[in-house]
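Data first, discussion second: the structure below is written as structure tokens.
We did not get these values from a lab; they are worked out from the coordinates using the rules stated. Computed from a predicted model, the values in this text were never measured in an experiment. Positions of Cβ are generated from backbone atoms using ideal geometry, with glycine treated the same way; all protein chains shown enter the neighbour counts.
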């Protein structure tokens with residue numbers, strides 16, 4: 001399974017998770033884990049997803065999520081999991 | 001699985017601290033292109049480069065998209081051209097023709113620099129190598145992406161002072177032929193001592209003859225990340241400072257290792273080395289000098305600067321070495337004046353002089369880099385500066401280099417504008433007392449003794 005990380009940073013508001021989840025469901029991307037925190041009004045969230053069944057190319061999904069982020073006024077990134085494993089773990 | 005904190009920490013490095021992969025450099029051996037016929041050689045070189053590197057830029061972009069990381073440059077290094085052109089080039093202009101072909105091939109595959117217009121003359125100079133060196137000014141003025149490097153000395157061979165003398169003249173001529181653009185040709189020309197075979201950074205990159213056919217070398221960067229880490233240990237002792245630099249350097253290097261492995265796998269070309277160098281850009285927050293200032297210096301160039309740089313260089317290596325399977329290239333901290341905002345400020349304020357920079361080059365990677373001097377500086381003075389740097393490299397068994405720009409038509413008080421990653425630089429003062437008699441002696445400074453280290 002190819003795991004990817006969606007991370008969201010920005011000002012908290014209604015519907016951030018709802019919007020992202022709707023898009024993921026439409027594109028057959030399964031959510032494996034979600035964690036989030038709000039520090040001083042700053043919303044931080046990450047989702048671990050399985051993109052195996054997604055038919056769209058990875059960079060197109062990434063672009064779609066960026067534009068959803070722009071509409072919501074938050075920054076959304078899609079990245080393959082490896083980068084975090086490599087940089088943060090020995 | 002990564003934690004939220006780890007994800008946020010990683011992405012902060014990219015967004016706030018300008019962390020990036022500075023370059024994926026594809027080394028290509030051109031030895032198989034050699035021919036006695038110049039036209040055939042030109043075709044062979046063009047074919048070899050455009051076929052081997054055709055996917056380099058595309059694959060670099062794919063990696064950027066997969067991990068949402070910036071990979072700033074995709075580049076090519078080739079076998080030092082003096083080897084390749086030896087049997088076909090009968091005059092300097094023949095080499096210029098090869099230069100134009102290399103530039104064309106680089107543009108065709110979309111890389112921003114191609115390095116390897118080079119000769120290794122650390123002990124002696126063949127006729128062909130001399131032809132190449134003499135062709136540099138014209139080659140630099142007729143190309144955009146081509147970088148040239150000449151290795152004039154090594155710890156094993158000593159310093160070829162005939163080459164040092166010649167390079168003073170060549171630097172001046174290159175400056176003159178590109179005087180319309182603040183002598184920018186010299187920013188793509190570097191004179192080295194102990195040049196490594198696997199350096200991915202320009203202008204000194206070439207694909208050494210000790211290398212395999214093709215190889216992927218990667219250079220990471222992250223002065224901003226290191227700077228933020230140092231700010232978090234403000235007021236703590238050196239043990240805490242060093243520990244923090246090592247931890248951060250580890251993370252930065254792992255990023256490079258990941259990109260290198262991915263590039264190697266996707267291009268089906270072996271991974272060579274990761275270069276641990278911290279490389280600044282003129283962007284705010286991407287400065288080596290700022291790191292030194294965060295350690296507690298009022299402005300780079302003040303007493304303590306050399307010690308701070310030595311500490312930084314060593315800790316970056318210690319942290320990085322464990323994060324990569326193979327480290328090489330220059331691996332240290334670069335101190336190019338024009339490419340580092342805080343260096344520019346210190347030089348403009350008169351607090352950073354060439355002599356202090358020379359001292360700093362004893363403890364960091366490379367050497368006197370991207371320094372603009374008055375256009376009327378004598379050839380022999382430039383040779384003298386090159387000889388001094390080469391001597392530091394030779395005696396200390398390290399790589400040193402000189403990339404100096406005598407900006408034609410400009411003097412102290414003016415500044416030179418190179419644009420982009422190359423930045424801008426105030427014209428720095430050079431000691432004008434003559435070393436002409438010393439440089440004119442000719443011959444070779446013999447290799448140093450390797451005992452009695454004092």
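Tabulated data for the structure shown
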| item | result |
| --- | --- |
| For B:28, B:445, A:16, order by how many other beta-carbon atoms lie within 10 Å, fewest first | B:445, A:16, B:28 |
| Cα centroid separation, segment B:131-158 to segment A:53-81 (Å) | 46 Å |
| 222 nm mean residue ellipticity, helices alone, for the protein assembly as shown (DSSP H n ≥ 4; -39,500 (n - 2.57); rounded to 500) | -13000 deg cm²/dmol |
| Inter-part distance where segment B:229-263 and segment B:163-181 are each reduced to a Cα centre, Å | 39 Å |
| Global geometry of segment A:3-88, whether rounded, prolate or oblate, following the gyration tensor of its Cα atoms and the 1.5 cut on a/c | oblate |
| Where labels lie 7 Å past Cα in the beta-carbon direction, separation of residue B:127 and residue B:236 in nm | 6.4 nm |
| Gain in span if fully extended, residue B:104 to residue B:359, counting 0.36 nm per residue against the direct Cα distance | 87.9 nm |
| Gained length - residue B:90 relative to residue B:349, 0.36 nm times residue gap less alpha-carbon distance | 88.4 nm |
| Computed over segment B:1-112, Cα set: Rg, Dmax in Å | 19.1, 63 |
| Inter-label distance, nm, simple model (7 Å from Cα along the C-beta direction), residue A:30/residue B:417 | 5.8 nm |
| Cα point-scatterer Debye curve for the protein assembly as shown, base-10 log of I(q)/I(0) at q = 0.09 Å⁻¹ | -0.67 |
| Spin-label zone in segment B:75-93 - amide nitrogen under 16 Å from a point set 7 Å from the Cα of residue B:36 along the C-beta vector | B:85-91 |
| Length gained when the stretch residue B:61-residue B:156 is fully extended (0.36 nm per residue, less Cα-Cα span) | 30.1 nm |
| Residue B:15/residue B:438 FRET efficiency (R0 41 Å; Cβ-Cβ; nearest 0.05) | 0.20 |
| Footprinting exposure proxy for A:59, B:450 (fewest neighbouring C-beta atoms within 10 Å first) | B:450, A:59 |
| Size descriptor, Kirkwood hydrodynamic radius, that averages inverse alpha-carbon separations across segment B:222-323, Å | 14.3 Å |
| Sites residue B:243 and residue A:89, calculated FRET efficiency, Cβ-Cβ separation with R0 22 Å, nearest 0.05 | 0.75 |
| Directionally averaged shadow of chain B, computed from the convex hull of its alpha-carbon atoms, nm² | 20.8 nm² |
| 27 Å tail of the calculated P(r), segment B:220-440, as % of Cα pairs | 35 percent |
| Principal axis box of segment B:168-286, alpha-carbon based, largest edge first, Å | 50, 39, 25 |
| For B:67, B:46, order by how many other beta-carbon atoms lie within 10 Å, fewest first | B:46, B:67 |
| Modelled FRET efficiency - R0 56 Å, residue B:265 with residue B:431, Cβ distances, 0.05 increments | 0.65 |
